[in-house]
Amino acid sequence: MDAMTAVMTRRSTRRMKPNPLPRRLVEQVIEAGRAAPSGGNSQTTRFIVIERKAALSALAVLVERAFAAMALEPGLYRSLRHSIEASKKGGYVFHYGAPVLIVTANKAAYGNAMADSACALENMMIAANALDLGSCWINQLHWLTDDPSVRAYLEGLGLEKDETVTGGLILGWPDTEDGLPPRAPLPRTGNPVVWVE
Ligand SMILES: Cc1cc2nc3c(=O)[nH]c(=O)nc-3n(C[C@H](O)[C@H](O)[C@H](O)COP(=O)(O)O)c2cc1C
């Protein structure tokens, strides 16, 4: 698949088979993330690759608990509201049971932390598409980066004390009829362009 096709057909996959992925494929995706540009070539984004089932399950429980304890205040960002509502209901699995969750982290005090990690995450999503893998940005651990229980657990998995969770990405085999990720582009209703000629 050429680069433009990989970019233009990338879509989020939220239904994954639980089957593990070959290490070789996961490594290729991570290398695409590591190849992303960074401000001043700082290369400070770190990738915590969680494949251990017990860790994925424990995180799902901690995340659900943290969101369930939050108040549903008016004006909440739509996705955050969904996470809180789903957690209060119970049975919320923020990573959709995917076999791999890549958590991105960066220095909390670094001004380009989010921008650099977003470049890495997008590179990984495009690479996953080119490799016929499903992927989806997963933001809950970013929102909960300062939640004491979630943070303590992530520190046990390798998050450094001076780091903030910038985002996350699930990877897996798409659970679709043809086994391929969804690729039909969504209509563009936003992202306007202003030409100055
Ligand atoms: C910053 C960011 C955060 C996102 N967080 C989540 C998330 O936590 N869970 C989820 O299922 N999708 C998440 N997404 C995926 C978006 O919902 C998705 O990209 C959007 O609906 C467009 O669909 P597409 O990716 O198939 O083009 C996130 C995407 C971005 C860029």
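Couple of notes before you dig in:
- The stretch 7-38, residues that are of a type outside the set (A, V, I, L, M) and not in a loop (DSSP other than H, G, I, E, B): ARG23, ARG24, GLU27, GLN28, GLU31, GLY33, ARG34
- Any hit, the stretch 49-65, residues being part of a helix (DSSP H, G or I), out of contact with any Ser or Thr (no Cβ under 8 Å at 6 or more places or on another chain) and more than 26 Å from ARG151 (Cα to Cα): no
- Subset tally (residues that are in contact with a helix residue (DSSP H, G or I) (Cβ under 8 Å, 6 or more places away or on another chain), of a type in the set (A, V, I, L, M, F, W, C) and within 17 Å of VAL93 (Cβ to Cβ)) for the stretch 155-171: 2
- VAL26 within 16 Å of the ligand (Cβ to nearest atom), under 23 Å from LEU133 (Cα atoms) and β-branched (Val, Ile, Thr): no
- Applying the criterion of being within 14 Å of the chain's Cα centre (by Cα), in a loop (DSSP other than H, G, I, E, B) and within 15 Å of the ligand (Cβ to nearest atom) to the residues of the stretch 68-125, the residue that is surrounded by the most Cβ atoms within 10 Å (Cβ to Cβ) is ALA98.
- Listed conditions (1) within 29 Å of ILE126 (Cβ to Cβ); (2) surrounded by fewer than 18 Cβ atoms within 10 Å (Cβ to Cβ) are all met by VAL29, apart from (2).
- Restricting the stretch 126-182 to residues that are aromatic (Phe, Trp, Tyr) and within 16 Å of the ligand (Cβ to nearest atom), the residue that is nearest to THR45 (Cα to Cα): TRP137
Read-outs throughout are calculated quantities, based only on the coordinates presented, and are distinct from any laboratory measurement. Just so you know, these numbers come straight off a predicted model, no measurement behind them. FYI the Cβ positions are ideal-geometry reconstructions off the backbone, even for glycines, and counts take in every protein chain you see.
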